[in-house]
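Below is one structure; the comments refer to it alone.
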Amino acid sequence: EEQNKQLLQKVKEAGSCLNDPNGKELQSKVHGPEDSQETVFEEVKSLLTSLLDGYNVCIMAYGQTGSGKTHTMIGSQSLEAKLGILQESQEGIIPRASAELFRLISKKPAESHTVEVSVMEVYNNEVYDLLARDEQGRVDVTFKDKFKLPALCSIYRPVNNASEIMQILGGVLKRRVKCPTLIHADSSRSHLVVSLTVSTKSPNALALGEKQTCTVLQKVLAHFSHIWETPLVNEQTKLQLVDLAGSECVGMTGVSGAALWEVSCINRSLSALSDVLGALAEQRPHVPYRNSKLTHLLQDAIGGDAKLLVMLCVSPTQCFVTESLQSLAFGTRVRQVQKERPQRRTNTLKMK
């Protein structure tokens, strides 16, 4: 009974944690089992507008194994296996966010936006590109010296609508490492990171093609007078959708052999994620991003100026109260992080 009281208190304190970099009161919302996928997505929907406004966005699901993270982010896996597609009512955040993104793009000028998708998993503290043809594509994570951010040599595929994104995901998710446990028959053994990169052309850039045919003389004159100058403003923003592997207690999951190493890597990476958030919350001079490939990969989303939303998934089952409390404590730590004010991703180039 005492643990239940603690759980209810933690739910009030944590819930779904929206990390607001502007220093405003952090928003939280608790969704019960009766809430639909559409209701949950309504809490996320506004972030897609921010993406097209020039801000990076990261949405991640955190919780113990079997608590509903993949259901929240992707949708019903049982329906997907039986029907080959997701029923609309069971679609998770990723398919709904993809559809909403292209709905918003459709209201913009033609050819003003392009979208590319990449799909990676962090398995046993190694990063793998699920779009690689050999199914064992290992991605090296290195640093850009200038910006101190991870640089990835991963595959990006252009997409024109949400259906293409889900078709790609439907193929690569079969490569994601899974293993049955006593708690979850289809337990994911890796962290999944789906990235949608949106490139935006400004009205000046779109009109440049029309100007090229009629401004040859102006260019010649500008060579001497330096008066011809056309600004090209291009924005590139990224939406990162993260389905984290669940934390596990070996005694409850009943795994053995190679799966024990998987559990160790999962728990250590989640612990590293918590350590990074703790360092950010306490504003320590050193943040240990490199202690895990997961935190290294998500560095710009966790510690940068991206808008970050964490979906905490907890089990209502009595025997998992301890694990639920740990997940909610993680959410409380997320709320303590004061991030930088978000910055628009704008690169201005000038043609002379």
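No lab work stands behind these numbers, since they all come straight from the coordinates. The model shown is predicted, which means the values in this text are computed figures rather than measured ones. Methodologically, a virtual Cβ is constructed for each residue, glycine included, from the backbone with ideal geometry; neighbour enumeration extends over all protein chains shown.
From the phi angles alone, apply the Karplus equation (6.51, -1.76, 1.60; θ = phi - 60°) to region 60-71 and give each ³J(HN,Hα) in whole Hz, x where the residue is Gly or Pro.
Using θ = phi - 60°, the values come out as 10, 10, 10, x, 6, 4, x, 8, x, 5, 5, 4 Hz.
If we count every other residue with Cβ under 15 angstrom of Ile183's Cβ, Lys/Arg +1 and Asp/Glu -1, where does the sum land?
In short, -1.
Take the residue pairs Lys107/Lys238; Lys178/Lys238; Lys69/Lys174; Lys238/Lys293 and return only those whose Cα atoms are more than 22 Å apart.
The pairs that break the limit, which is 22 Å between Cα atoms, are Lys178/Lys238.
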